[in-house]
Amino acid sequence: MAVNRYGHFAAVTNVRKAGTGGVRSRGALAVDFLSAERPMLENYLEKLASSADDFDGYNFIGFDGTQLGWFNNVEGQYRLLKAGIYGLSNASLDTAWPKVMRLKDGYDTAVERSGQAEDYLFRLLEDKTLADDDSLPNTGVDLELERQLSPIFIEGDTYGTRCSTIYTLDFNRKARFIERRFSPTRVLIGETTEEFEIEVSAA
């Protein structure tokens with residue numbers, strides 16, 4: 001996830017089991033969107049749609065101060081998202097993986113605990129619950145790895161969660177970004193907090 005000095009943000013996830021036809025790196029997409037002085041989300045989503053085949057499977061989420069939007073290059077379409085609760089992992093938007101459903105349910109609870117929402121959300125992001133085998137998705141990896149990848153907070157010898165991030169925006173357009181970073185052994189090694197006054201992108 002990346003945030004610029006105006007509080008606009010973008011994030012990218014890979015899509016598992018999506019093929020490997022792309023030749024360009026997905027890693028720069030979020031930074032590319034935010035590098036504009038006043039990024040315009042819908043214009044950028046149209047740009048992504050026109051170059052969908054250049055990349056391996058990914059999801060893009062972006063916010064330009066006014067609109068929140070999502071694009072999936074496997075499906076080749078984007079959506080401007082209305083108010084609501086959404087979940088996204090390494091498939092499509094709102095794919096009902098166990099950890100996605102736990103996060104959505106937990107976020108709904110966090111909204112009701114406005115004064116304690118950040119602490120509650122970080123506890124939720126630290127959830128290491130393994131999904132039952134009969135509810136695991138089939139993403140093309142072996143069963144042992146599918147189990148390892150099923151928690152919200154992933155632990156493993158060679159792959160695991162390295163940061164947890166919360167971004168909030170209130171009705172006064174005050175944004176808050178908090179990120180906790182973890183070592184390869186999943187020990188907390190740092191935390192960054194930034195606050196922003198959201199500016200609306202120029203029309």
Just one of Gly62, Gly69 is touching a residue at least 40 places away in the same chain (Cβ under 8 Å), part of a strand (DSSP E or B), touching a helix residue (DSSP H, G or I) at 6+ places or on another chain (Cβ under 8 Å) and under 24 Å from Asp170 (Cβ atoms); which is it? Gly62
Looking at region 58-77, is at least one residue small (Gly, Ala, Ser) and farther than 25 Å from Phe196 by Cβ? yes
So, Tyr6, is that one under 27 Å from Ile152 (Cβ atoms) and not small (Gly, Ala, Ser) or not? no
Kindly indicate whether any position in region 177-190 is touching a residue at least 60 places away in the same chain (Cβ under 8 Å), of a type in the set (D, E, K, R) and surrounded by 13 or more Cβ atoms within 10 Å (Cβ to Cβ). yes
State which residue pairs qualify: first residue of a type in the set (Lys, Arg) and inside region 100-112, second residue assigned to a helix (DSSP H, G or I) in any location, beta carbons under 9 Å apart, and separation of 6 or more residues or different chains. Arg102/Leu124
Report, by residue number, each residue of region 95-121 that is modelled with pLDDT of 95 or more, assigned to a helix (DSSP H, G or I) and open to solvent by less than 40 Å² (accessible area, probe 1.4 Å). Pro98, Lys99, Val100
Filter result (open to solvent by 60 Å² or more (accessible area, probe 1.4 Å), more than 28 Å from Gly84 (Cα to Cα) and among the β-branched types (Val, Ile, Thr)) within region 122-164: Thr158
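So for region 39-48 (the condition being open to solvent by less than 30 Å² (accessible area, probe 1.4 Å) and part of a loop (DSSP other than H, G, I, E, B)), does at least one residue qualify?
Yes, that holds for at least one residue.
The values are calculated or read from the model by the stated rules, or taken from the named source; none is laboratory data. Fair warning: this is a prediction, and the values are worked out from it, not measured in the lab. Virtual Cβ from ideal backbone geometry, glycine too; neighbours counted across all protein chains shown. Quick note on the areas: whole protein, heavy atoms, side chains included, nothing else; ligands and nucleic acids left out. Shrake-Rupley method; radii C 1.70, N 1.55, O 1.52, S 1.80 Å.
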